[in-house]
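Asker: This is the structure, below, for whatever I ask next.
The values are calculated or read from the model by the stated rules, or taken from the named source; none is laboratory data. Model, not experiment: these values are computed from the prediction. Every residue, glycine as well, gets a Cβ built from its backbone with ideal geometry; the counts of neighbours run over all protein chains shown.
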Amino acid sequence: MKATEVIDELKRRFPNEPEYIQAVEEVVSSIEDVYNEHPEFERYNLIERLCIPDRIFSFRVSWVDDSGKVRNNMGYRIQHNNAIGPYKGGIRFHSSVNQSILKFLAFEQTFKNSLTTLAMGGAKGGSDFSPRGKSDMEVMRFCQAFIAELWRQIGPDTDVPAGDIGVGGREVGYMYGYYKKMAREFTGTFTGKGREFGGSLIRPEATGYGNCYFLLNMLATRGIDIKGKRVAISGSGNVATYTAQKLQQLGAVVVSLSDSDGSIYAPDGLTHEQLEFVFELKNVMRGRIREVAEEYPESVQYFPGERPWHIAKCDIAMPSATQNEIDGDDARALLAQGVIAVSEGANMPSTPEAIKEFLAAKILYAPGKAANAGGVAVSGLEMAQNSQKLSWSAEQVDTKLKEIMAQIHKSCEEFGKEPDGFINYVKGANVAGFMKVARAMMAQGIL
Ligand code: NDP
């Protein structure tokens, strides 16, 4: 089948999965030229096999809340592709989770993992359970019930989950604990674990730090210094907060953060003390971003129900919350105020219309699968440490993270550089990620 025919066919077969179709369309349209240069790919119907996940597990998760009421959620694990390594990808707990969102994430993860240069296939999982407003004991009971269903399908050389939205160190700890009890083995089946039981140093920081390292590589191609640049960030979770921390270390000015209720804007930039307050608020108090403005009313403003893009005056945008959080209007607003770079911490935060705007304006635009790959890269390093029963120093891991981000940048440049010198990071990341998986699939036969 031709690449475009594959998309039409997938639209027909999965009409209720818009996020999945959006992700597939973006990748397939940018690899079409390369695909057409390889007639053997078409003979083996490679694109269709690469777009449809190897398998999907879906199950009911029943648990008891603190008041004794029985609750039921849906659980999923999408094992997308293991041509170049064991299935690998995070688990998302959020009320919006459905099969379409997890299929898009698992598909993207396959190319991202390929780009990291490490041996990892692509997967994703999750539930429509939201930890927000739940007690620790409720979260623990839910995590145990989730793993009671999933544990047979995962393992250190089979499928290695990690965190994502709503799944941080606490949730990974509870899930890994229950996995260990059921499987009766102590292996690195989850990444993002606590330090005391096999977690890697720098894993919590890795996605945010890695995005900053990728941004530095992009800015260097135009000789731009990050010092003093105003950066708008969305989200206030793991990725957003560590992005903000590294940016402050690099001398940039962090002007916004957000959550699903609204955004904060600090016209003069958040101070170190204010960012420390955000870490405490999010990880210990489990509070809302508006509380930062309540704590520092002279220097921080709160905009309920708004995303940062129309509010924050900035040079750079680093969306780090969720999918489709920058639409065409947001993109035009960012460009109108002269934004020079957009580097995505979240997965697929820009809509197709927004991406078109960024590419047409020829700004530095890095899609999530390249810019946020540092998280899974350090997860790969955690797997390597676990299998050797060793733990590396923070400096060792950070150095490797920088090298991997530089290598991903180089791959994007190699496959995405246009005749006028502009680097199309979307095409670069998609083609580089695709070619490695495609070659491995061809070599392994029709499975
Ligand atoms: P967290 O749960 O730690 O934080 C998510 C943040 O985004 C919160 O501030 C949350 O606000 C906000 N958010 C979530 N959903 C929405 C929504 N529908 N609308 C507006 N805001 C929302 O997750 P992470 O920081 O881990 O993940 C953020 C993004 O980064 C996701 O796209 C994830 O897939 C991606 N990513 C994460 C990696 C990791 O290592 N953790 C690796 C690579 C990518 P609220 O608290 O109100 O829900």
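Asker: List pairs: first in the range 1-30 and at pLDDT below 95, second of a type in the set (Lys, Arg) and surrounded by 13 or more Cβ atoms within 10 Å (Cβ to Cβ), Cβ under 7 Å, 6+ apart or cross-chain?
Answerer: Ser30/Lys427
Asker: Which of the residues belonging to the range 409-421 are in contact (Cβ under 8 Å) with a residue 12 or more places away in the chain and either surrounded by fewer than 14 Cβ atoms within 10 Å (Cβ to Cβ) or within 20 Å of the chain's Cα centre (by Cα) (or both)?
Answerer: His409, Ser411, Cys412, Glu414 - these are the residues of the range 409-421 that are in contact (Cβ under 8 Å) with a residue 12 or more places away in the chain and either surrounded by fewer than 14 Cβ atoms within 10 Å (Cβ to Cβ) or within 20 Å of the chain's Cα centre (by Cα) (or both).
Asker: Ok, one more. How many residues does the range 126-171 hold that are buried (at least 22 other Cβ atoms within 10 Å of the Cβ) and free of Cβ contacts under 8 Å to residues at least 40 places away in the same chain?
Answerer: 2
Asker: Pick from Gly173, Gly199: which is closer than 14 Å to Ile147 by Cβ and either within 21 Å of the chain's Cα centre (by Cα) or in a helix (DSSP H, G or I) (or both)?
Answerer: That would be Gly173, the only listed residue that is closer than 14 Å to Ile147 by Cβ and either within 21 Å of the chain's Cα centre (by Cα) or in a helix (DSSP H, G or I) (or both).
Asker: Need at least 2 residues that are polar (S, T, N, Q) and in contact with a helix residue (DSSP H, G or I) (Cβ under 9 Å, 6 or more places away or on another chain) per element, so show me which helices (runs of 4 or more DSSP H) inside the range 1-53 make the cut, counting only ones lying wholly within it.
Answerer: Because the criterion is at least 2 residues that are polar (S, T, N, Q) and in contact with a helix residue (DSSP H, G or I) (Cβ under 9 Å, 6 or more places away or on another chain), the helices (runs of 4 or more DSSP H) in the range 1-53 that meet it are 18-36.
Asker: For the range 93-106, name all the residues that are buried (at least 24 other Cβ atoms within 10 Å of the Cβ) and either under 18 Å from Asp157 (Cα atoms) or touching a strand residue (DSSP E or B) at 6+ places or on another chain (Cβ under 7 Å) (or both).
Answerer: Selection gives Phe93, Val97, Leu102, Lys103, Leu105, Ala106.
Asker: Scan Thr110, Thr117 and give me the residue that is of a type in the set (Val, Ile, Thr), under 21 Å from Ile154 (Cβ atoms) and either more than 16 Å from the ligand (Cβ to nearest atom) or not in a strand (DSSP E or B) (or both).
Answerer: Of the residues listed, the single one that is of a type in the set (Val, Ile, Thr), under 21 Å from Ile154 (Cβ atoms) and either more than 16 Å from the ligand (Cβ to nearest atom) or not in a strand (DSSP E or B) (or both) is Thr110.
Asker: Would you say Val376 is farther than 25 Å from Ala266 by Cβ and either more than 10 Å from the ligand (Cβ to nearest atom) or outside the structural domain of Asp268 (by TED's automatic domain parsing) (or both)?
Answerer: So Val376 fits the description; yes.
Residue-wise test of (1) near the ligand (Cβ under 10 Å from one of its atoms); (2) among the hydrophobic types (A, V, I, L, M, F, W, C); (3) in the same structural domain as Thr116 (by TED's automatic domain parsing); (4) over 16 Å from Arg307 (Cβ atoms).
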position: Gly194; (1), (2), (3), (4): no, no, no, yes
position: Asn211; (1), (2), (3), (4): yes, no, no, yes
position: Asn217; (1), (2), (3), (4): no, no, no, yes
position: Val239; (1), (2), (3), (4): yes, yes, no, no
position: Ala244; (1), (2), (3), (4): no, yes, no, yes
position: Ser260; (1), (2), (3), (4): yes, no, no, no
position: Phe277; (1), (2), (3), (4): no, yes, no, yes
position: Lys282; (1), (2), (3), (4): yes, no, no, yes
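Asker: Failed condition for Glu395, given (1) acidic (Asp, Glu); (2) surrounded by 18 or more Cβ atoms within 10 Å (Cβ to Cβ); (3) free of Cβ contacts under 8 Å to residues at least 40 places away in the same chain, with all others met?
Answerer: That leaves (2) as the condition not met.
Asker: Follow-up question, since we're still on this one. Do the conditions hold for Glu294, that is, is it free of Cβ contacts under 8 Å to residues at least 24 places away in the same chain and more than 15 Å from the chain's Cα centre (by Cα)?
Answerer: Yes.
Asker: Got a number for residues in the range 335-345 being in contact (Cβ under 8 Å) with a residue 40 or more places away in the chain and within 18 Å of Ala244 (Cβ to Cβ)?
Answerer: 4
Asker: Specify which of the listed residues (Asn45, Asn82, Asn36) is under 30 Å from Ala148 (Cβ atoms) and not charged (D, E, K, R).
Answerer: The unique qualifying residue is Asn82.
Asker: Looking at (1) part of a strand (DSSP E or B); (2) within 16 Å of the ligand (Cβ to nearest atom), can you tell me which one Ser100 breaks?
Answerer: (1)
Asker: Among the strands (runs of 3 or more DSSP E) confined wholly to the range 242-329, which include 3 or more residues that are under 30 Å from Asp398 (Cβ atoms)?
Answerer: In the range 242-329, the matching strands (runs of 3 or more DSSP E) lie at 253-259, 316-318.
Asker: Of all residues in the range 319-356, which are within 16 Å of the ligand (Cβ to nearest atom), within 23 Å of Ser30 (Cα to Cα) and of a type in the set (A, V, I, L, M, F, W, C)?
Answerer: Ile326, Val342, Ala346, Met348, Ala354, Ile355 - these are the residues of the range 319-356 that are within 16 Å of the ligand (Cβ to nearest atom), within 23 Å of Ser30 (Cα to Cα) and of a type in the set (A, V, I, L, M, F, W, C).
Asker: Scan the range 433-447 and give yes if some residue there is within 16 Å of the ligand (Cβ to nearest atom), over 13 Å from Asn113 (Cα atoms) and not assigned by TED's automatic domain parsing to the domain that holds Asn81, otherwise no.
Answerer: no
Asker: Applying the selection to the range 188-240, what residues are of a type in the set (S, T, N, Q) and surrounded by fewer than 24 Cβ atoms within 10 Å (Cβ to Cβ)?
Answerer: Once the filter is applied, which keeps residues that are of a type in the set (S, T, N, Q) and surrounded by fewer than 24 Cβ atoms within 10 Å (Cβ to Cβ), the range 188-240 yields Asn217, Thr221.
Asker: If I go through the range 347-399 residue by residue, how many of them are in a helix (DSSP H, G or I), of a type in the set (A, V, I, L, M) and either modelled with pLDDT under 95 or within 12 Å of the chain's Cα centre (by Cα) (or both)?
Answerer: Qualifying residue count, the range 347-399: 4.
Asker: Only residues in the range 223-240 that are touching a residue at least 12 places away in the same chain (Cβ under 8 Å) and over 14 Å from Asn211 (Cβ atoms) count as the first member; pair them with residues that are part of a strand (DSSP E or B) and of a type outside the set (A, V, I, L, M), Cβ under 8 angstrom, at least 6 apart or cross-chain, and list the lot.
Answerer: Once the first residue is touching a residue at least 12 places away in the same chain (Cβ under 8 Å) and over 14 Å from Asn211 (Cβ atoms) and sits in the range 223-240, its partners that are part of a strand (DSSP E or B) and of a type outside the set (A, V, I, L, M) give Ser236/Ser258; Ser236/Asp259.
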